[in-house]
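None of the figures in this text is laboratory data; all of them are computed from the coordinates on show. No experiment lies behind these values; they were computed from the predicted model shown. Note: ideal-geometry Cβ built from the backbone for every residue, glycine included; neighbour counts use all protein chains shown.
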Amino acid sequence: MKVYLVGGAVRDELLGREVKERDWVVVGETPEAMLSRGFRPVGKDFPVFLHPETHEEYALARTERKTAPGYHGFLVHAAPDVTLEEDLIRRDLTINAMARSEEGALIDPYGGLLDLKLQRLRHVSPAFSEDPVRILRVARFAARFHPLGFEVTDETIHLMREMVKAGEVDALVPERVFIEVGKALLEETPSIFFKVLRGCGALKRLFPEIDALFGVPQPKEFHPEIDTGLHTMLVLDQAAQLSQDPVVRFAALTHDLGKALTDPLKWPSHHGHEVLGIHALEALCQRLRVPKNYQKLAIRVMREHGLCHRALELRPETLVDLLERLDVFRQREGLEPFLLACLADARGRPGFQTTPYPQKDWLLKAQAAALSVEVQPLIEKGLLGPALGEALRLHRIKAIKAARALV
């Protein structure tokens, strides 16, 4: 059997990047022959097998024919007569459509190596338009390789735009969309993912709550970038610098959704946007089946980021109530992700990228002071129920007052 290393492993090897996983294409074989060699079948839609020793994926060379809208509407043909070139032409980008033989020879029928050198993301063939997931994948690759100078070609953006107009992205299932979002959030510059989607019109269809932020003005004295959509992208990239946690990055992405819902007659003021955005955030999370831990932090950041920015001015009573709403007395580790998202918001403005944020340190100290209050002595005094809760609150306020005196 003829075996070829394909896709991302070849691309990353040529770029000098770490190869994290290897995928293989097998030409000239049948499923029965693969089974006889000890390979274990795992593919549902087409023949994919796991190597008996390395457990890497080996797929039989295949072709695909579009039979219905969406990314499930394909008829797959895998047979010994399918050539490597026929298999590669069905892939998304030229840089992902290269192969390497067992002898080490590079097979590059569609110009992937040249596109690597020219730092461009270009679709392999018109068959690209048959799978709407590829719109998300191209946006994700654009985010991944943006630090290297890669950009999506105009012809590929045009094709993606035509796919959006044809309604292809409307056939994407929510879980599949969020899988790609989750991967994009892990990239070094995740904002590029959303910028590419906006450039082809997909952002408005898939993430209308985020798309609506572009063109919404903010006060220039606080936001030199003025545009709320641009601010959101800056905040997202700041979050990517501050934390590897995609949950923090998602909260940064969605923190200002309410600014698209405030009264346009009062712009650039956005009084009350922290509450106005909750419904939009919940709708987005429900539509895309966003995991609960993402949603929980995002709501807290949206609702409380304004208070966090004013933490140094808040009375101890207000601080205790804020910490209580953030549930950081029960889940102590929950304050740090919240603070990182708020820090990203503060720094997601031109000229503010390295501005100190003492609010973060002060809130951590306030939490530590409040947590130093022991409950058992209060219980031993006979306090129970609401009386115990009120006494605990008063002692926490006193502890924060004492901590502030030491700052």
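Structure data summary
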{"read-out": "Residues L148 and L113, FRET efficiency given R0 of 25 Å [Cβ-Cβ distance, rounded to 0.05]", "value": "0.95"}
{"read-out": "Exposure proxy ranking, count of Cβ atoms within 10 Å, fewest first, for V247, V301", "value": "V247, V301"}
{"read-out": "Amide H partners (placed H, <5 Å) of A59, local residues excluded", "value": "W24, V25, V26, F49"}
{"read-out": "FRET E, pair V275, E374, Förster distance 35 Å, beta-carbon r, rounded to 0.05", "value": "0.50"}
{"read-out": "Length gained when the stretch K20-H77 is fully extended (0.36 nm per residue, less Cα-Cα span)", "value": "17.7 nm"}
{"read-out": "Using alpha-carbon coordinates, inclination of helix 154-165 to the longest axis of the chain, degrees", "value": "70 degrees"}
{"read-out": "Nearest-ten-degree value, helix 228-242 long axis tilted from longest Cα axis of the chain", "value": "90 degrees"}
{"read-out": "Residue-wise HN-Hα coupling along the stretch 91-103, computed from phi with Karplus coefficients 6.51, -1.76, 1.60 (Hz; x: Gly, Pro)", "value": "7, 6, 10, 4, 6, 9, 10, 10, 9, 10, 6, 4, 7"}
{"read-out": "Extension gain from H158 to Q241, taking 0.36 nm per residue of separation minus the Cα-Cα distance", "value": "26.7 nm"}
{"read-out": "The stretch 281-324 residues near the modelled D263 label - backbone nitrogen below 12 Å, point 7 Å along Cα→Cβ", "value": "none"}
{"read-out": "Whether the stretch 1-110 is rounded, prolate or oblate, judged on the alpha carbon gyration tensor where a/c under 1.5 counts as rounded", "value": "oblate"}
{"read-out": "Crossing angle, helix 316-325 versus the chain [Cα axis fit, 0-90 degrees, rounded to tens]", "value": "30 degrees"}
{"read-out": "Estimated distance in nm for a label pair at K204 and K381, the labels positioned 7 Å out from Cα along Cα-to-Cβ", "value": "6.2 nm"}
{"read-out": "Amide H partners (placed H, <5 Å) of L121, local residues excluded", "value": "E151, V152, T153"}
{"read-out": "Table column - 3J(HN,Hα) (Hz), the stretch 13-30, Karplus curve with 6.51, -1.76, 1.60, x for Gly and Pro", "value": "4, 5, 7, x, 9, 5, 8, 8, 8, 10, 10, 10, 10, 10, 10, x, 10, 10"}
{"read-out": "Extended-chain gain in nm, criterion 0.36 nm per residue less alpha-carbon gap, E221 and S36", "value": "59.5 nm"}
{"read-out": "Residues with amide H under 5 Å from that of G272, placed H, sequence gap 5 or more", "value": "none"}
